Amino acid sequence: MYVRVLFNSAALLEEHSVGWGLSFLIDNKILFDTGEKGDLLINNINKLQVELSLIEAVVFSHDHWDHTGGLEKILTKNPNINVYACPGFGRDFKQRVAAFPVKLIETAHFTQVSPGIYSTGEILGIYKGNNISEQALIIKTEKGISVITGCAHPGIIKILEKIRASLTIEKFYAVFGGFHLKDNSINEINQIVNKFISLKVQKVGATHCSGTNAEECFREAYKEKFLSMNVGDTIRI
């Protein structure tokens, strides 16, 4: 199975749009997050020759602007998409979805999105003193279990430990996305890197809100098993 990076803050080519936020395309049919702005995402979709009509669902990790910015553009161009969101997402987000003739599926618990692709279900955390709901994607292939995160506000280790306990697994093939470590100290980051190693995570792609320090720490620890997350990159899992 392949995951393509459709939006991030860096790109392989100048013709790709960059900005704050993330968007990944899994197996050419599941979109995970939509970046900060629809026009930017659509430009990358066009440049990367993604066929929007093949996309069956869009899964939103959480309802922050930098992950939901492309919502209207995507749903306008393909109104047959199912939308997966946590029950705890805000009223504004749900009203935006309700403006389109699409099906909103609330993922309170572990939910299959497509064969081999699952939502963790709603995981609660705290962000800037307020409760936040977030979900991550779990992908099962012959290589093992991989996890994609938007920002991991509830805590990246909390998310991975929940998945490991729920699925009774001993290791992860790949974990990538935003880990929200940009405000953590080097010591805290290294503790998390060591926890990844103890959780037997084989490949890592720390990007977006993970922060430069975390990216460097993970890159140093994982070396050739550190995954590039530029727009246009394809990750085989």
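The values are calculated or read from the model by the stated rules, or taken from the named source; none is laboratory data. Everything quoted here is computed from the prediction, not taken from an experiment. Here the Cβ is made from the backbone with ideal geometry for all residues, glycine too, and neighbour counts use every protein chain on show.
Among the residues of region 134-155, the one identified as among the basic types (K, R) and part of a loop (DSSP other than H, G, I, E, B) is K143.
Is it the case that some residue within region 187-207 is charged (D, E, K, R), closer than 19 Å to H62 by Cβ and not in a strand (DSSP E or B)? Looking for residues that are charged (D, E, K, R), closer than 19 Å to H62 by Cβ and not in a strand (DSSP E or B), one finds none in region 187-207, hence no. Taking P87 as the residue in question, decide whether it is more than 16 Å from the chain's Cα centre (by Cα), in a loop (DSSP other than H, G, I, E, B) and free of Cβ contacts under 8 Å to residues at least 24 places away in the same chain. No. For region 20-58, filtering for residues that are touching a residue at least 40 places away in the same chain (Cβ under 8 Å), surrounded by fewer than 23 Cβ atoms within 10 Å (Cβ to Cβ) and among the small types (G, A, S) leaves 1.
When we screen L40, L75, L31 for residues that are assigned to a strand (DSSP E or B), within 29 Å of N130 (Cβ to Cβ) and either of a type in the set (D, E) or modelled with pLDDT of 95 or more (or both), the only hit is L31. Candidates are the residues of region 137-164 that are under 10 Å from the mean Cα position of the chain (by Cα) and in contact (Cβ under 8 Å) with a residue 60 or more places away in the chain; the one that is surrounded by the fewest Cβ atoms within 10 Å (Cβ to Cβ) is L137. Checking each residue in region 108-130 for being assigned to a strand (DSSP E or B), exposed (fewer than 14 other Cβ atoms within 10 Å of the Cβ) and at pLDDT below 95 picks out I126, N130. In region 178-188 there is at least one residue that is touching a residue at least 24 places away in the same chain (Cβ under 8 Å), surrounded by 14 or more Cβ atoms within 10 Å (Cβ to Cβ), within 16 Å of I159 (Cβ to Cβ) and touching a strand residue (DSSP E or B) at 6+ places or on another chain (Cβ under 7 Å). Of the numbered criteria (1) part of a loop (DSSP other than H, G, I, E, B); (2) over 21 Å from H153 (Cβ atoms), the one Q95 fails is (1).
Of all residues in region 156-172, none satisfies being among the hydrophobic types (A, V, I, L, M, F, W, C), assigned to a loop (DSSP other than H, G, I, E, B) and under 22 Å from D66 (Cα atoms).
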